[in-house]
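Read-outs: derived from the displayed coordinates by stated rules, not from any lab. Just so we're clear, the structure is a prediction, and the values are computed from it rather than from any experiment. Positions of Cβ are backbone-derived with ideal geometry, glycine not excepted, and every protein chain shown enters the neighbour counts.
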């Protein structure tokens, strides 16, 4: 144990010595050097590394999960859920999954009688049912009679395009303003001829971010000069052909999952078969009905910014809802503005450290500035569906501030510019003057003393230093709480100059009653509780003992000196 304590003690002394040497060599220029370094890092990240993007995603997730203002889901978008209860209810007659297409055909046929705005399948019909060809034929007939059913296709990895025999111009639903040879494309189309002929299809791939979280929805892909729309975009264009939308949208989530109206497929299917239905006959009139699954066994659960277990069918519903309302989240693509904010924060902080050093006031101002930035971003996403990415400015500013604050702590002795330090080890011919103020107060008033020190120094022309104890004191040191000492140092032989300093200290002591009547001090530092002493003396030896003698004399003079 003892060797370990000795090692820690030596390490602590070495760190303190290193801090003194570093502070003596670099002084406050360190803050400017640090700002240059962090500026280079910010430029490097903005144009090449983009490391802050990962932090942006985490900040975005936190904001969307904790929004105060969340748009309600559209009441006219209904999800018919092939849930575990439906799979179990129909398993006895049709098996678990997939069911014969006749089941879905009958469902669409009866549902169409209610005149819904659209019937959207979040189910891929990629292959024929070899065991029930008649069932497939019936489903195809039902779709051929409809004009408002929509189906997904799947875009495969582009690396597989060279193996495909399908050219992009033959994909249902594609658009193109160019004419030329069409290249092959690897997609999985709906099997049914009626679906392909209707061209009411779109890809339903969901591409998460590199961390596996879904935050954006791809609305269109450009394939060899053709536009391939997503299922959400195709459905929205069916209602509004002139719809203008971006290539990708940042999803404006409606909150946790299961916010949209859900209906169990089995319950609705059974009710549609009845002659006397229990459900309203106009339940789905004018509504968009999305048929999908939340059953875990069908593996359509995604991780999103608001939940790690989010049904894929509800992602589709949210994307359609965003497009219809036009309220998807916008992100200003102003990289240079973000960079400018970062540089302003860095250099404003650096300049404050360089001019004034570390202080509690700087801590408060910096903390408030960061809070304001976060508050602006939070208010924007709540009130304007606008995500202002201030992660970079906040993170770079915090990193720089932490380094600068630690440097100020480690080099505090070397950077101390008080008159006591300036005189330490000096030669003869120096004089010192102390003005000690002690307030008898029941509470610690450190902030008020700091403001008073600033006010008194501003009234002086000979640059005294101001000293007070910070933090709550215990024991003997409690006697020095709420005490402020102003120190003047004169090194030279000009007697007139020294007399001017003495006169300044005396005039300041006489002006204190009037100063303490100023509004900031009147209630906190009442003049009635003040004791004052003013002492002066030679500092010929240039050692700490000279100042100790002056301070002892000032404390002795405080006894009975209350006005």
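Details
- Ascending count of other beta-carbon atoms within 10 Å, so fewest first, for 533, 9: 9, 533
- Between the C-alpha center of segment 435-488 and that of segment 135-159 there is a gap of 81 Å.
- Sum of -39500 (n - 2.57) over DSSP H runs of 4+, divided by residues of the chain (222 nm, nearest 500): -14500 deg cm²/dmol
- Distance from the C-alpha centroid of segment 306-376 to that of segment 179-215: 35 Å, rounded to the whole angstrom.
- Between the Cα long axis of helix 446-458 and the first principal axis of the chain there is an angle of about 60°, rounded to the nearest 10.
- In the chain, the longest principal axis of the Cα atoms and the axis of helix 2-26 are about 80 degrees apart.
- From the coordinates shown, Cα Rg over 2.2 N^0.38 Å corresponds to which of [x] 1.20; [y] 1.55; [z] 1.74: [y]
- Going from the residue with the fewest nearby Cβ atoms within 10 Å to the one with the most, 547, 207 rank 207, 547.
- Exposure proxy shown here: for 188, 372, the number of other Cβ atoms within 10 Å sets the order, fewest to most, as 372, 188.
- Taking label positions 7 Å along the Cα-Cβ direction at both residue 529 and residue 163, the computed distance is 8.3 nm, reported to one decimal.
- The length gained on full extension between residue 32 and residue 242, counted as 0.36 nm times the residue separation minus their Cα-Cα distance, comes to 70.2 nm.
- Scaling the Cα radius of gyration of segment 419-558 by the globular reference 2.2 N^0.38 Å produces a ratio of 1.05.
- Once the Cα atoms are used to define both axes, helix 391-410 deviates from the longest principal axis of the chain by about 30 degrees.
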